[in-house]
Amino acid sequence: KSKPQPKLESRDFRGRVWLTRPRPEIDRVGSAWLIRKFIDPKAKFIFNSTVSAHPKAISFDMLDAEFSHQGEDCTFETLTRRFAIRDKVVREIGEMIHDADLDDTRFQRVEAIGIDRVLKGWAKQGLTDEQILRHGFECFDALYAFLQSR
């Protein structure tokens, strides 16, 4: 078991370029949404298969990434924990992304499986990575609003 990592301050990560793998699916889109909404409102996202292609970028959900799966957590959960985001709805969305991304039933949350299928469908339709992120952000904004209103 890895030792707990120090909490990070979002202010130290503002206005940055964030790097992830191409063809984003549930964990990458959800993590990018989380980054833009709670960590870096001006985040710019780029896509490449290797971290070394953009050494100044902050990498997530990829091999050798600064932020990725850790222990039993998906990348979204890792970011939530590292940046100490204490939003109840974010925690719920993290459970949904976890179950959809890791294909386990740890939290018994099936809500994000539909979003995952839609994201994969947009990729099959030929949408660009940027378009998938933009549409995915709209899905997560709507899910967040719905869960907050309960």
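The values are calculated or read from the model by the stated rules, or taken from the named source; none is laboratory data. Since this is a predicted model, take the numbers as computed values, not measurements. Heads up, the Cβs are rebuilt from the backbone with ideal geometry, glycines too, and the neighbour counts pull from every protein chain shown. Side chains are part of the model used for accessible areas, which takes the heavy atoms of the whole protein and leaves out ligands, DNA and RNA. Shrake-Rupley method; radii C 1.70, N 1.55, O 1.52, S 1.80 Å.
When region 27-58 is filtered for residues that are of a type in the set (G, A, S) and surrounded by 23 or more Cβ atoms within 10 Å (Cβ to Cβ), the ones remaining, listed by number, are G30, S31, A32.
Of the numbered conditions (1) open to solvent by 50 Å² or more (accessible area, probe 1.4 Å); (2) small (G, A, S); (3) in contact (Cβ under 8 Å) with a residue 24 or more places away in the chain; (4) more than 29 Å from P6 (Cβ to Cβ), A142 satisfies every one except a single condition; which is it? All conditions pass for A142, except number (3).
Summed over region 1-39, residues that are of a type in the set (G, A, S) and out of contact with any Leu (no Cβ under 9 Å at 6 or more places or on another chain) total 4.
Report whether or not K44 is farther than 27 Å from D103 by Cβ and at pLDDT below 95. No: the conditions fail for K44. If you go through region 107-125 and keep only what is open to solvent by 40 Å² or more (accessible area, probe 1.4 Å), at pLDDT below 95 and aliphatic (A, V, I, L, M), you end up with V110, I113.
When region 69-82 is filtered for residues that are in contact with an Asp or Glu (Cβ under 8 Å, 6 or more places away or on another chain) and crowded, with 20+ Cβ neighbours inside 10 Å, the ones remaining, listed by number, are C74, T75, F76.
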